[in-house]
Structures are given as C-alpha cells and as structure tokens.
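**Student:** Encoded as structure tokens, here's the structure I'll be asking about.
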Amino acid sequence: MKKGRMKIHKEGRWILLGVFVILLVINLMVYFEFSQLIWFVNILLSLVTFMFFTYFFRNPSRPGDIDDPSLIIAPADGTVVVVEPTVEHEYFKDKRIQISIFMSVFNVHANWYPIAGTVKYTKHHNGRYLAAYLPKSSTENERTTVVIESPMKTQVLVRQIAGLLARRIVTYAVPSKACHLNEHLGFIKFGSRVDIFLPLDAEVYVTHGEKTVGNETIIARLNE
C-alpha cells in the first residue's frame, strides 16, 4: 500500500498552537530570570515536549483499496487485548464477538470506520477514566458507541473508550449518514481503546496480543 505524507490531525492544531505559546512564554520567563544553563535545559525540555505533542497528533495518510464489503478493518492502531464472545448490553443486548484494541500514547489516535455502510446509532456516555486495557473500562469509562449497518444489513458496533489519560472523545459519525472505508470515525485524545462487536458467526483473523494498523489490518470477515 502506498504511503502518503504525514500530516497533523485537525483535532491537534489548536492544541499544538496553545502548547507552543505556553512554552514560548515559559522560555522567555526563564531567559530573563535564570542562568543561561537553566534556559538552555528548559529549551531542550520544551523541544521534547512539543515534539511529543506533534507526534501524538500525527495523521498518517493510509489510502486503502479493499473492496470486499464483508471484511472488517481495524479501526485503530494498537494491540488486541480482547477476542472473546460476550454480551453487549447497550444496543444488541445479546451475545457478540468482542474485539478490543488498546492504544497507548505512542499510537496514532485517529479512528477509522471498520466497514462501509450507514450509521444507524450513536450515543455518548459520561463515565470514569480507568486504564483502558481493563475489561470494565468498556462499560464504566467515558465512551461513545457507534453502530454501522453494512450494505448486506449486518450491524457492527464500534465503541470509542477514554483511558486513564484521555479526556476527550471526538466522534464524527451521524445517524442515517453513509460512512466509508478510508474515512475517519473520530479521534481519542491521550491513551484509549476501541471495542468492536461482531455477529457470533464472524470469522476472526486476529489474536490476543497482536498489533493492528488502523485502516489496514483485516481483523475479521462477516458471513453475509
């Protein structure tokens, strides 16, 4: 797959500007109040801080060419921490296959639609900020649920979950709107997790501990 140039995600532009202004003010204060050595050390720390924020809000271009509507694509970069049948209580209220991907602060935090179709349901829930790799974070943390119906009328649930450091979930999905592969579903700021709930007869291609690449890794196939 051909890679495009790296960009800064729109969710990070104002934050990066704010970080730059704050660091600039701090460095000016240090310059006038402390020795040159302390100022030099502060500049280095400021550069590292700004580079981290820039790296966190990177937005890699990943144009995919998958045209099989039965394939489920990873909605996020990260590590698979759950692959198991479980009861989904919010929307389906029955047993589904759950696949959970944990994103550390070093992963890309943009989220992609895992399948093309129509958005049928979205809902944001306020909640706690437990470590996102914990099982109970799926039902207790701040989260947003999105349900997508494929062209073959199979529904897939995607849940964005805030983590220990995450304090904002951004979701672009709107009910009744069409959604497509290669399109961002949303963004989660600073450490988080994405859960996917599939029909029990779905064929799963990933295992616990496996790394995923958002909009690239094929994680399952729907038996439609």
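The values are calculated or read from the model by the stated rules, or taken from the named source; none is laboratory data. What you are looking at is a predicted structure, and each value in this text was computed from that prediction instead of being measured. Please note: Cβ atoms are built from the backbone with ideal geometry, for glycine as well, and neighbour counts cover all protein chains shown. Ligands, DNA and RNA are stripped out before the accessible areas are found, and what is left, the full protein with its side chains, is counted by its heavy atoms. Shrake-Rupley method; radii C 1.70, N 1.55, O 1.52, S 1.80 Å.
**Student:** Taking the full set of protein chains and a 1.4 angstrom probe, give the accessible area of Thr54 in square angstrom, rounded to the nearest 10.
**Tutor:** Accessible surface of Thr54 is approximately 40 Å².
**Student:** State the percentage of accessible surface on the chain attributable to carbon and sulfur atoms; use a 1.4 Å probe and exclude ligands, DNA and RNA.
**Tutor:** Percent of accessible area from carbon and sulfur atoms in the chain: 62.
**Student:** By how many degrees, between 0 and 90 and to the nearest 10, does the Cα long axis of helix 36-56 differ from the longest principal axis of the chain?
**Tutor:** Between the helix axis and the principal axis of the chain, the angle is about 10 degrees.
**Student:** Number of Lys-Lys pairs in the chain under 15 Å by Cα, sequence gap 8 or more or different chains?
**Tutor:** 5
**Student:** Oh, and also: Between His89 and Ile43, what FRET efficiency follows from the Cβ-Cβ distance if R0 is 41 Å, with the result rounded to 0.05?
**Tutor:** 0.20
**Student:** What number comes out for accessible area per residue over the chain if the probe is 1.4 Å? Units Å², please.
**Tutor:** On a per-residue basis, the chain sits at 52 Å².
**Student:** Based only on Cα atoms, what mean projected area does the convex hull of region 1-108 have, in nm²?
**Tutor:** 10.9 nm²
**Student:** Still on this structure, please answer the following. What is the ratio of the Cα radius of gyration of the chain to 2.2 N^0.38 Å, with N the residue count, to two decimals?
**Tutor:** Here the Cα radius of gyration is 1.14 times the empirical estimate.
**Student:** Further question on the same structure: Can you tell me the FRET efficiency between Ile66 and Tyr121 if r is taken as the Cβ-Cβ distance and R0 is 25 Å, rounded to the nearest 0.05?
**Tutor:** Efficiency, from the Cβ-Cβ distance: 0.55.
**Student:** Whole-Hz ³J(HN,Hα) for each residue in region 14-20, computed from phi via Karplus 6.51 cos²θ - 1.76 cosθ + 1.60 with θ = phi - 60°, x for glycine and proline: what do you get?
**Tutor:** Per-residue couplings from phi come out as 5, 5, 4, 5, x, 4, 4 Hz.
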